[in-house]
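The values are calculated or read from the model by the stated rules, or taken from the named source; none is laboratory data. Keep in mind it's a predicted model, so treat the numbers as computed, not measured. Reconstructed Cβ throughout: ideal geometry from the backbone, glycine too, with neighbour counts over all protein chains shown. For the accessible areas, the whole protein counts, side chains as well, though only heavy atoms, and no ligand, DNA or RNA atoms are used. Shrake-Rupley method; radii C 1.70, N 1.55, O 1.52, S 1.80 Å.
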Amino acid sequence: RSVLLSPDALAPGPDETLDVLSRRLRLLQRKRGHRATSDDVVLAGVGLAARPAPRRVLDLGSGKGTVALLIADVSPGATVVGVEAFEASHRLAVRNAALNGLADRYLPLLGDLRDAKVLDGEAPFDLVCGAPPFMPPGTGVLPQDPQRAAGRFELRGGVADYARTAARHLAPGGALVLLMDGHGRERLLAAFNGAGLSCSELLAVRPRPSRPPSFWVGTAIRADVPDRRDAALDMRPAEGERWTPAYAALRARLNLP
């Protein structure tokens, strides 16, 4: 699986930036494409809270590799397999894995996660993560940039497809962690249920305590869950610009500055 890249391939192109992702990680991304944001940080952090020392991780819709890199960097015993259908994002993921010296543990695959053949031969995973696109086609204006469109609109499936794919590849005792937008709470729960999984925790992620959730992060497992834990994560306090202690702790676990 390893890909040897020249030093020139690891330098940013004219339409790309090379950005700080964590204290050790750097990220190549397109200037006007789908950029890394706080949802990547939260998804990686909640995933590691669900399975603190994963051995095999599946990152669905891996994009340019942001979540996979964050998890692999702080989990030295983990191998992360990513699945990404958009070719330009997959190329970035391959370059980012090499750039950060993680090509032996982060393996980006090019393919549609709905295609069962993409993960043929892969052993089950004890942690599966994903941030599905959340807008069905026709429910908004499709961005002109195809990478941004693929990250936002369900052009190759949505949350239900992510949950079904994860359920097929989840190891006994494994956990699935999916992130949806602030309007997607019921769709997220329905996707878990439709895939035969039980939601063990539903986290409302809010910019401040008085604001509605920017997104929801659900953790699901195979076992029946008698009492789902509902919780909230506020990124900033009611006033001021510092992180809340809970969000600062999540960032610290990922080695973010």
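At a glance:
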item	result
Unmet requirement for G184, which otherwise passes all of (1) free of Cβ contacts under 8 Å to residues at least 40 places away in the same chain; (2) buried (at least 16 other Cβ atoms within 10 Å of the Cβ); (3) more than 15 Å from G47 (Cβ to Cβ); (4) not basic (K, R)	(1)
Flag for V74 being open to solvent by less than 40 Å² (accessible area, probe 1.4 Å) and among the aliphatic types (A, V, I, L, M)	no
Single match in V177, V205 (criterion: buried (at least 17 other Cβ atoms within 10 Å of the Cβ) and farther than 12 Å from V128 by Cβ)	V205
Any pair with Cβ under 6 angstrom, 6 or more apart, that starts in segment 124-141 at a residue that is modelled with pLDDT of 90 or more and ends at one that is assigned to a loop (DSSP other than H, G, I, E, B) and surrounded by 21 or more Cβ atoms within 10 Å (Cβ to Cβ)	D126/R51; D126/P54; L127/R51; L127/P54; G130/G61
Whichever residue in segment 229-250 is part of a loop (DSSP other than H, G, I, E, B) and surrounded by 14 or more Cβ atoms within 10 Å (Cβ to Cβ) and, among such residues, is nearest to the chain's Cα centre (by Cα)	M235
Count of segment 82-133 residues which are in a loop (DSSP other than H, G, I, E, B), of a type in the set (A, V, I, L, M) and either touching a His at 6+ places or on another chain (Cβ under 7 Å) or under 22 Å from A11 (Cα atoms) (or both)	2
Options R211, R222; residue that is closer than 18 Å to V177 by Cβ and open to solvent by 90 Å² or more (accessible area, probe 1.4 Å)	R222
G157 being over 19 Å from A44 (Cβ atoms) and open to solvent by 30 Å² or more (accessible area, probe 1.4 Å)	no
Restricting segment 50-68 to residues that are open to solvent by 20 Å² or more (accessible area, probe 1.4 Å) and without any contact (Cβ under 8 Å) to a residue 60 or more places away in the chain, the residue that is nearest to R206 (Cα to Cα)	P52
